[in-house]
Amino acid sequence: MIPGYAELHCLTSYSFLRGASSPEELVHRASEMGYRALAVTDECSVAGVVRAHVAAKELGLKLIVGTEITLEDGLKLVLLATSIRGYETMCELITTGRRAARKGEYRLARGDIPAAAQGLEAIWFPGDIEEGRWLASRFPGHAWIAVELHRGNDDAARIEKIESMAAELGLRCLAAGDVHMHERARKKLQDVMTAIRLKCPLSQAGRRLHPNGERYLRSIGRLSALHPARHLATSLDVASRCAFCLDEIRYEYPEELVPAGETPATHLRKLTLEGLARRYPEGAPDAVVQTVEHELKLIAELSYEPFFLTVQDIVAFARSQEILCQGRGSAANSAVCYCLGITEVDPGRMSVLFERFISKERNEPPDIDVDFEHQRREEVIQYIYRKYGRERAAIAAVVITYQPRSALRDVGKALGLSLDQVDMLSKSMSWWDNREALRQRLAEGGFDPGNRVVREVLDLTQQLVGFPRHLSQHPGGFVIDNRRLSRLVPVENASMPERTVIQWDKDDLDALGLLKVDVLGLGMLSCIRRALALVGRRMQDVPAEDAKTYEMIQRADTIGVFQIESRAQMSMLPRLQPRCFYDIVIEVAIVRPGPIQGNMVHPYLQRREMVRAGRGDQITYESEELKQTLAHTLGVPLFQE
Amino acid sequence: MLWVALELPSLPLQLVERAGVSREPVVICEGPEQRPVVICANASASSAGVREGQAVAAAKALVGELRVVPRDPAAEREALQGLAAWAGQFTPMACLDGQGIALEIEPSLKLFSGHARLCSAIRRGIRHLGFHAVAGIAPTPLAARLFARAEARGLHVRSCIDLAGLRERVADLPLFLLDWPARTLAHLTDLGVLRMRDMLELPMEGVARRFGPEIAIHLGRLMGTIADPREPYSPPPRFRARLELPAEADGVEALLFPLRRMLAEMEGALRGRGAGVQRLMLWLEHGRKARTRVEMEFASPERESDFILAIAREKLGRLTLPAATLALDLRAEALLPYMPRESTWLPGAREQAIGRERLIERLSARLGRDRVFGIAVGDDHRPDRSWSPVQPGHSGVATNPAAPAARPVWLLNRPHRLITRDDIPSHQGELSFIAGPERIESGWWDGAEVRRDYYVAANARGETYWIFREHRGDQGWYLHGVFA
C-alpha cells in the first residue's frame, strides 16, 4: 500500500527570492503527486496563501495555512493554523515581527511566541536540544520535530540522531520536505534567486546555496524510500489536526458609522433619501426614485450597506474639507452613489445600469473607486487612519514582480556579468521574441549567442520574469475592519514611513470577498478645482450638455482635456463627432486596444453615419436579445463587460 | 668599571684570510705607490723570510708567487664596526678603539657569571667569526688596550679588575705599547724612561710641560684618575656583510664555511638589538658583475645562525651556479623585533607549533615554496573546490564556518574510474556502502557542473573510500578520496 503524506513545510515564491515556484504550481504538483495535504509556510508571511487556497479549492487538495519563522536566536520553526483562532494568533505574530523590522524583514524573539496558543501546531527544525525543550514547553501537546532528508551526508545517521532527541523530549518525529520548488528543474532558478538575495554572484554564494536539487515536491515513492513509514504517517496526523480553511475568515465592517438605534440598512436609506432631496430640490423624477428603491433592495440582499456607508463617510469628509472628489468606474451606474454624493452622474439624465455595478449573479463585492485631488489625497488617508486607527485600517499590497529588465539585471549579476554586459543585453531585449534577430543583436553587441553563460542568462531571465520580488503598497486601496485588522491578515511596514500594508493584494481580497475602498489621487481634479476658482464658479454651476463645448470637441480642440487629449483621441474626435455625453463615453472606450484590434472602429463609425443619414432602421442585429444589449452601441460590442 | 679591549693583530691580513686560510704566501702592503712596504705577512710568506717593513719588491724577490694585497682601511673599519655590532650581544657599551674594540662589561658580569666566563665566551665567539683577537681586561679602556697589546706581543699579563691593583700590574709594561708619538717615545727612551713604572714616578706637571698636556691626560685616563668617557657604537638599522673568498670556490659546499661566519656575525648583531630578520638576501659574486641571488624568507623573524644556515644549505643545494664564486654579500634590509623561543621542560603545543614552523621552512626550502602549502576549507559544495591551497600557517578566508562532515583527508587530484561488476564498484575487492548517497548538484554556472551521488564505501580489507556515481556523461563509478 502506498503510504499517505502531507507536506507541512513548503515555501512559495512569496518567500521572496527563496521559493522558486508559484503557489499555484506547488498546489498543482502536490495534487498530481497524490499528497493528502499541502501546507504553505512562507517565511513570516501569508502573502501566497490566498492564491494557493484558490488553486487548492479547485483541485480539491487540502491546503494548510502556516508560516516558517526563524527567531533571532536561530531557532527555526513552522507554525500551522488548526483553527481560526490559531490563524488569528499567527497573523498577529507575523504582524509583530514585521512591524518590528524594516520593510521586507522581520524580527521575532522567543518572548514574542505566545505560550500555549490555541489552534497552532509547532514544528521544530532540530538544532540545539535546548531549543526543542523550550518549544515543547511552549506548545505542550502541539510540538513536533521535523525530519527533513535531502540526500545529505548521512541521512540514516541523521534520522537516528533526531529520533533520539525526540525520545528525550517526548516529541514525535514527522517527515517534511523543506520544499523550495515544485520540480527539480527549478534548481537553477532557485540558485540564482539565492544569489540575488545574498547580493553576490553565484560563484561566491558557496555553501549558502543548497547542495543539491532535492528540495522539490518528491513523489511519495521516493519519500517512503527515504523516510520511515511512521514519520510519513505522523505528517498525516498533524495535517488532520489542521481543520482551518481560509473561507472561514470573516470580515466585519466598521460599526461606528451607524448611529445608535439604527441598522446599517435604515441608516443608508436615511442618508440616501436625504441626498435625493438635496439632488432634486424640486422633487425627484419617478424613474429615479424607482431606481433608488431597486438599488437599496439589492444592496440589502447582499448586505453591502456598511460598504456604501464607509465610502459615504470618506466622501463626506472630503466635501467638508472642500477636497474635490469623484467616484469613477462602474459606481457611476448607481443612483444611490449619486444621492450619497459619491458620483455626479445624474440618473435622471442618463440611463444607468446598476447591474454593471452590483450583480447578485456575479457575487463580487462592489468596487467604488473614488478619485481625490492628488495634492490633498494624503489628508483623506490621514482621516481614515485617524478615524479607524492603524490597527484597523491598512493599505492593500501590490506584488511587485520581475519585469524583463529587472530580471535580466539580477540574473546577469548573479551569473557574474559586468554591468556593461548587462546593459548591452538589456538593449537587445526587445528582440527577445525573435530568436534569429536576437542572435544577430547579441553578435553585434560582442556576445557569442551560442555562449553558455549568455544562454543561461537569457533562459533564466525568462524564467524569473513574473516572479514576485517584494510587496509594495497599493496606490490607495484601503481595507478597514471592525476589529484588529492584523487578526485577519498580517500587516507590515511599507517603505514610506508611517504607512502599513497588509500582506494581500487586490486579487487576494477579491478572492476572499474582502472589501476595499480605493482612495485614489487624480491630478485633473486638482486642475479642475483651480480652474473653478479662477472663474469663480462651483462644480454644480457647470451647465450640462453645453453645445459650444461639443463644437470644440468635434474640432478636436481638446488639448488639456482629461481623457480625450491624446493624439489618438484627437484624431478620432472629428470622425466620431460627439454630440452628447454618451458619445464621449464611446469615444473614450473606442480608442482602446480591444476595439481597435477587434476591428470594431470602422463598423461603428459606418453605422453611426447611417444613423446620421436617417437610415438607422437599416442596422441589423443577430438576435433580439443582442439588440437589447447592444442597441446603445449600434450593435457593435465596444464595452468590455 | 671593567673594560675588555680586543686587539686584532694584523687585522688587514685577517680580513684577507677570514674566509679561509690560504696556503699561498700573502702580504698586505701600504705606502706610496712607487715603494709599497709590507705591513703584514701570512705564515707562508713569513716562513719564506718576508718581514714587516720590507719593500714589496724585496718580498717578491724572496717569494716568487707572492700575492700582494693593498691595505684597505675602509674595509678594516667596516670589520671593526661589524665586530662592535656583534659585541652588542654582550654589552650595550661597545665602541671602536684603535685596531680593535673596547667593551665595558661590568653591568653584564652577572648575566654571564663572571668576567672569566664572559671573556671566554667573547673569545670563542670571535673565533667563530673567523677573527683572531687578544683580550685585555682592566678598569680603564686604555689600560685594557695596553694589556691586550702586551698579550699580543707575547708578554704575559694577568688581568686586573680593580683600580687599586692597576699601578702594580702596569708597572712592568714597556712604554712602546702605547700609541704615543714616536718622537715622544724616543725622547723618553733617551731619558731612560722605558717602562710604565718609570713613567708613573715622574711628576705629572713636569711631564705635561715637557711632553705636552695630552701625554699627561693620557696617563691620567689610563690610570683612572681622569675620566675617559666613550661613545658606544650604534650600528645602522640593517645588516650587511661582505666576504671575499680566499680562492675561487667552485661548488656550493665551499660557500658554507664563510657563510657560517657571516651568519654568526649577524646573529650577534641581531642579539645586541633584540632583533631578527624575516627576509635575507645572499648574493654570490662571480666576478665581471655576474651575481646569483639567493633569497630567504621566514614565517617569523629569525636570527639563529644554525637554523638560517640549514635553510641556506637547502637553497644553495638546489642552485646551479654559472661560475665560480669570488665573494659573498649578505644583506638584511629590515630588522624586526625578535620573539625569543622559550624552551620549557615539557614540550607542549607551542613547542610543537614552533617545530612545525621550522619544518615548513625546511620543507619549502628543499621542495620549493610553491610546493608546500596548507589546506583551507573552501566555500563550495563541489568536493574539488571545497578546499583550497593556502600559505602554510594561514587558515584561509572562512566565509562559512559550517563545513561538511565526513570528507576524506586525501582527495584524489582526478577521480579514478572504478571497475564494476554487475554495477557494483570494486577497488582492491568489491566495495560495500557504509553511508550515502550524499547528492551533490552544484556549479552549473561556471562550466564545471557536478551531479553526483557520493558514498562512503569499504572493501573486504577495511579500506574506506569516498566514491561517487556520476550522473552526467558515462554514469560511471569513481573513486574520489581515501579515508585515513
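Miscellaneous remarks
- Per-residue mean of foreign Cβ neighbours for A:208-215 is 5 (Cβ atoms of other chains, 10 Å radius).
- Looking at chain A, the DSSP beta bridges with both ends there are about 55 percent antiparallel.
- For chain B, the longest principal axis of the C-alpha atoms and the axis of helix B:213-223 are separated by about 60°.
- Using R0 = 60 Å, the C-beta based FRET efficiency linking residue A:241 and residue A:437 works out to 0.60.
- By the Stokes-Einstein formula, at 1.002 mPa s and 20 °C, the range A:434-553 with its Kirkwood radius over alpha-carbon pairs has D equal to 104 µm²/s.
- Rg/Rh ratio calculated on Cα atoms of the range B:224-282 (Kirkwood radius): 1.16
- Checking every one of the chymotrypsin sites (Phe, Trp or Tyr not before Pro) in the range A:469-562 against DSSP loop status and a limit of 13 other Cβ atoms within 10 Å picks out A:562.
- Calculated log₁₀ intensity ratio I(q)/I(0) where the Debye formula runs over C-alpha points of the range B:409-484, q = 0.18, 0.21, 0.24 Å⁻¹: -0.69, -0.92, -1.16
- Semi-axis lengths (Å, descending) of the ellipsoid that matches the C-alpha gyration tensor of the range A:252-303: 23, 14, 7
- The smallest convex shape that holds all Cα atoms of the protein assembly as shown, its convex hull, gives 364 Å³ per residue.
- Quotient of Cα Rg and 2.2 N^0.38 Å for the range B:196-354, N being how many residues it contains: 1.60
- Set of the range B:325-341 residues, backbone N closer than 12 Å to the point 7 Å along the Cα-Cβ line of residue B:256: none
- Note on the range B:1-120: semi-axes of the ellipsoid equivalent to its C-alpha gyration tensor, largest first and rounded to whole Å, are 35, 14, 11.
- Residue pairs, from the table A:62/A:506; A:199/A:506; A:187/A:413; A:57/A:506; A:387/A:506; A:161/A:187, whose Cα atoms sit over 21 Å apart: A:62/A:506; A:199/A:506; A:387/A:506; A:161/A:187
- Sorting the segments B:426-438, A:279-291 by their residues' average number of neighbouring beta-carbon atoms within 10 angstrom, most packed first, yields B:426-438, A:279-291.
- Sorted on the mean count of surrounding Cβ atoms within 10 Å across their residues, most packed first, peptides A:533-545, B:133-145 read B:133-145, A:533-545.
- Separation of alpha-carbon centers, the range A:188-217 and the range A:591-641, rounded to whole Å: 56 Å
- Label-point separation, residue B:184 to residue B:127 (7 Å along Cα→Cβ), nm: 3.7 nm
- Inter-label distance for residue B:384 and residue A:322, nm, one decimal - labels placed 7 Å from Cα along Cα-to-Cβ: 7.8 nm
- Extended-chain gain in nm, criterion 0.36 nm per residue less alpha-carbon gap, residue B:375 and residue B:81: 101.2 nm
- Separation in nanometres of the label points that stand 7 Å from Cα toward Cβ, at residue B:472 and residue B:310: 4.7 nm
- For the pair residue A:83 and residue A:374, a Förster radius of 56 Å applied to the C-beta separation gives a FRET efficiency near 0.80, rounded to the nearest 0.05.
- Rg over Rh, two decimals, the range A:508-566 (C-alpha only, Kirkwood Rh): 1.16
- Cα Rg, Dmax (largest Cα-Cα span) when computed across chain B, Å: 34.0, 119
- DSSP beta bridges fully contained in the protein assembly as shown are about 80 percent antiparallel.
- The range A:521-608, relative contact order [Cα under 8 Å, separation at least 6], %: 20 percent
- Space enclosed by the convex hull of the alpha-carbon atoms of chain A, per residue, Å³: 213 Å³
- Close amide H pairs (under 5 Å, H built 1.01 Å from N) link residue B:417 with B:479, residues at least 5 positions away or on another chain.
- Stokes-Einstein diffusion for the range A:1-153, with the hydrodynamic radius set to the Kirkwood value over Cα pairs and evaluated at 20 °C in a medium of 1.002 mPa s, equals 135 µm²/s.
- Contour excess over end-to-end distance, with Cα ends at residue A:208 and residue A:470 and 0.36 nm allotted per residue: 92.2 nm
Rule-based calculations on the coordinates, nothing more; no lab input. Keep in mind that this is a model prediction, so the values were computed, not measured. Counting neighbours? That spans all protein chains shown, and the Cβs are built from the backbone with ideal geometry, glycine included.
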